[in-house]
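Since the structure comes first, as structure tokens, the remarks are kept for the end.
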Amino acid sequence: MSDRYDIIVVGAGLIGTTLALHLAKNTSLSVALVERNAPIVADPNLPLDVRQTNQRVVALGHLAVEMLTDIDVFQRLAEPHAHPYQSMAVWDENSKGDLHFSASDAGASELGYMVDAQACTRALQANALTGGHKNVTCFFSAAPRELTLTRGGARLQGDGFDLRARLAIGADGGRSWVRHQAKLFANRRSYGQQGIVAKIKTSNSHQNCAWQRFLSTGPVAALPVYDNYSSIVWSADNAFSKELMGMSDSNFSVALGNAFEQRLGTVIELDKRQAFPLVSLQASTYYSTSLALVGDAAHSIHPLAGQGANLGFKDALCLSQMIAQVPKDDIGELAFLHAYQQKRKPDNQQTDWMMTALNAGYKVNPPLWSAARGMGMNWVNSQRNIKALLAKQAMGLT
Ligand SMILES: Cc1cc2nc3c(=O)[nH]c(=O)nc-3n(C[C@H](O)[C@H](O)[C@H](O)COP(=O)(O)OP(=O)(O)OC[C@H]3O[C@@H](n4cnc5c(N)ncnc54)[C@H](O)[C@@H]3O)c2cc1C
């Protein structure tokens, strides 16, 4: 006998859990949340601890923060796990281009928050498990084996569970098992780069500013968190990233200080480094019969502007709001799912193209091109209206 739900969400990461909780709050539909791993913390009531912060933060804009607040999760993320930042400084190794914009350019108090990805996922999962949601049932340590999609609905089977629903939602990340099962083609392109992440402490204050310098080998960013700590994302070509990962802590710290031209002073503490392969992935179709994809399962992009998760939050909000507006029998219909794709795919694709163009544009350095790029950046830096637009874009308001 299978258990019946209205919706099955596969993947309890940032996007899948947010979507499940948003549906629980804004609809009366029953949701099964299926995650192959155990919850991040066995006892979700344990207090969050500063030493448990991981190396990776995500820069979240206003829409993501509002969504997390709406489902009572952002409130659980006090310092050091959510840190407001006010400005961004962008400059270029190969030109004199220097650009600085801030929330005040757009009349706001912050551009967004630097959120510890693991702490945020843990707070989401804790809420799903213990928040008293009658219409969310969690299945952790539950690896699915088979997904059957028919016009009547979806069936998900694994060891110890057999679930049916009108709609299955794949929120299971870039290597999505759900996408493979549904035979949805995805265009996957490697950037030939690794993103090296680590937490650092610097001798100078980060001034609540996100620092990003474009090097010929890829961009390096320092995202401000508590005290004088920052979380770095150093996107470097494969050969160079191998060299960087092989360096001693002290040599890496010196290389990093130089990469930022000492604008943050010297690196006085360096946490463990981790490297992630950087890819662009776009599913050609976000849906199949009784199935939709959200978040990285549908699209992964270069992290240089910190937009990947933000796009996933937009998918989740869009799909949840659409589901709330139609009779539940319609949520697995192809016409409904096609309308969801029409709303989200252009934004996701354009952001991907923009990131690819930015990453490539800063790696091409004939003298005339770099000079023009530098002049362009400095011109933008002198234009208040354009800086207001850039600030709004960073806040996720455009
Ligand atoms: C170096 C780096 C820096 C980044 N910085 C930023 C940033 O500053 N801002 C930003 O917005 N984004 C950033 N991103 C992107 C962001 O991290 C991702 O877009 C986001 O984590 C995607 O969330 P997700 O929930 O879609 O997928 P995931 O986080 O991958 O979660 C997928 C979940 O599904 C589960 N799962 C997988 N397979 C199965 C299965 N078969 N069955 C059940 N469960 C399954 C996984 O265990 C996991 O819990 C960055 C990415 C990288 C690599």
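The values are calculated or read from the model by the stated rules, or taken from the named source; none is laboratory data. Here the structure is a predicted model, which is why all the values come from computation and not from measurement. Neighbour counts are summed over all protein chains in view; Cβ atoms, including those assigned to glycine, are modelled from backbone coordinates with ideal geometry. We work out accessible area using only protein heavy atoms, side chains counted, and drop any ligands, DNA or RNA first. Shrake-Rupley method; radii C 1.70, N 1.55, O 1.52, S 1.80 Å.
Miscellaneous remarks
- Residues in the stretch 276-320 that are open to solvent by less than 10 Å² (accessible area, probe 1.4 Å) and more than 10 Å from the ligand (Cβ to nearest atom): 9 in all.
- Summed over the stretch 1-28, residues that are assigned to a loop (DSSP other than H, G, I, E, B), open to solvent by 20 Å² or more (accessible area, probe 1.4 Å) and within 16 Å of the ligand (Cβ to nearest atom) total 2.
- Some residue of the stretch 377-384 being touching a Ser or Thr at 6+ places or on another chain (Cβ under 8 Å) and surrounded by 14 or more Cβ atoms within 10 Å (Cβ to Cβ): yes
- Gln262 meets all of the listed conditions (1) at pLDDT 95 or above; (2) under 16 Å from the mean Cα position of the chain (by Cα); (3) open to solvent by 10 Å² or more (accessible area, probe 1.4 Å) but one, namely (2).
- In the stretch 250-268, the count of residues that are acidic (Asp, Glu) and either assigned to a strand (DSSP E or B) or on the phi < 0 side of the Ramachandran plot (or both) is zero.
- Contacts under 7 angstrom Cβ, first residue in the stretch 76-97 being without any contact (Cβ under 8 Å) to a residue 24 or more places away in the chain, partner small (Gly, Ala, Ser) and crowded, with 19+ Cβ neighbours inside 10 Å, 6 or more apart: none
- Of residues in the stretch 191-217 being closer than 19 Å to Arg273 by Cα and open to solvent by 30 Å² or more (accessible area, probe 1.4 Å), the one nearest to the ligand (Cβ to nearest atom): Gln194
- Residue count for the stretch 157-169, restricted to those that are assigned to a strand (DSSP E or B) and either within 9 Å of the ligand (Cβ to nearest atom) or more than 27 Å from the chain's Cα centre (by Cα) (or both): 7
- Of all residues making up the stretch 104-136, the number that are surrounded by fewer than 18 Cβ atoms within 10 Å (Cβ to Cβ) and of a type in the set (Val, Ile, Thr): 1
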